[in-house]
Amino acid sequence: MYKHLIFDLDDTLLDFKAGEKLGLDMVLTGHGISDLASALERYHVINHELWRQVEQGADRTKLLDGRFAKLFAEFGQAVDGHTLEMEYRHYLDTNYAKVPEADTILRALVDQNYTILAGTNGVKATQEARLSHSGLGIYFDAVYTSEEIGHSKPAAEFFQHIFDHERGMQSSKTVMIGDGLTADIQGAQNFGLDRIWVNLRNEANQTEFIPTHEVHQLRDLQAILA
């Protein structure tokens, strides 16, 4: 049925939260934050709003460079946001943790002759390093990042860029696979693609965006894509 598979990366194939937790702990405690629980809670609020703005087309670099400055200001500290962002990015770059069964499912899909693409809102250098060191990079025919494209999921321009660069790609034979309802599922739905929601945490869908399929572990993809 399908020929092209577009995979999201973070929390779909790569365990982003593992590196995020380590990076935040190191940056916050290393720069004098003692109330770690409160700081983490506020960070996630700030970060959620940041990515909401990015998905709506805001300047990602400016927002990323400002998130730690904004957070530390709430705790009475003035810091260089860009410097802390680069420090945090180092920890993310060296997080090579994978979602369980990522290798197994990708290997099986390669054997089935799918064209496997990565379509991520992540930073190019970070994602390329993590794919390489995790060993997952060998399964991908191409990697597309919002940083390179200039648009983030769910924007139609993100998906159009991929179609413009993949020979013979057809909407009816392409499926988006990811964990993000407002990025992956919304973007694919608006672009007219089938979409598989990778719902590893068994969360309720409280959005208006409807996946074509839903899986709760990566192995379940095999039944859909076999």
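The values are calculated or read from the model by the stated rules, or taken from the named source; none is laboratory data. This one's a predicted model, so the numbers in the text were calculated from it and none came from an experiment. As a convention, Cβ positions derive from the backbone with ideal geometry for all residues, glycine included, and neighbour counts pool all protein chains shown.
Numbers for the structure displayed
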item: Conditions (1) surrounded by fewer than 14 Cβ atoms within 10 Å (Cβ to Cβ); (2) on the phi > 0 side of the Ramachandran plot; (3) touching a residue at least 24 places away in the same chain (Cβ under 8 Å); number of the one not met by Gly76; result: (3)
item: Any hit, segment 105-121, residues being under 16 Å from Asp15 (Cβ atoms) and part of a helix (DSSP H, G or I); result: yes
item: Residue in segment 151-172 that is part of a strand (DSSP E or B) and closer than 17 Å to Leu9 by Cβ present; result: no
item: Close pairs (7 angstrom Cβ cut-off, 6 or more residues apart or separate chains): at positive phi in segment 1-21, surrounded by 19 or more Cβ atoms within 10 Å (Cβ to Cβ) anywhere; result: Asp11/Asp179
item: Selected residue (criterion: nearest to Gly180 (Cα to Cα)) from residues of segment 109-128 that are of a type in the set (Val, Ile, Thr) and touching a residue at least 60 places away in the same chain (Cβ under 8 Å); result: Thr120
item: Top-ranked residue in segment 1-48 [being in contact with a strand residue (DSSP E or B) (Cβ under 9 Å, 6 or more places away or on another chain), among the aliphatic types (A, V, I, L, M) and assigned to a loop (DSSP other than H, G, I, E, B); ranked as surrounded by the most Cβ atoms within 10 Å (Cβ to Cβ)]; result: Leu13
item: So Val79, is it more than 29 Å from Leu5 (Cβ to Cβ), out of contact with any Gly (no Cβ under 7 Å at 6 or more places or on another chain) and outside the structural domain of Ile149 (by TED's automatic domain parsing); result: yes
item: Residue in segment 139-151 that is assigned by TED's automatic domain parsing to the domain that holds Ile105, closer than 19 Å to Tyr114 by Cα, out of contact with any Asp or Glu (no Cβ under 8 Å at 6 or more places or on another chain) and surrounded by fewer than 14 Cβ atoms within 10 Å (Cβ to Cβ) present; result: yes
item: Among (1) farther than 30 Å from Asp220 by Cα; (2) modelled with pLDDT of 95 or more; (3) not β-branched (Val, Ile, Thr), the one test that Leu136 misses; result: (1)
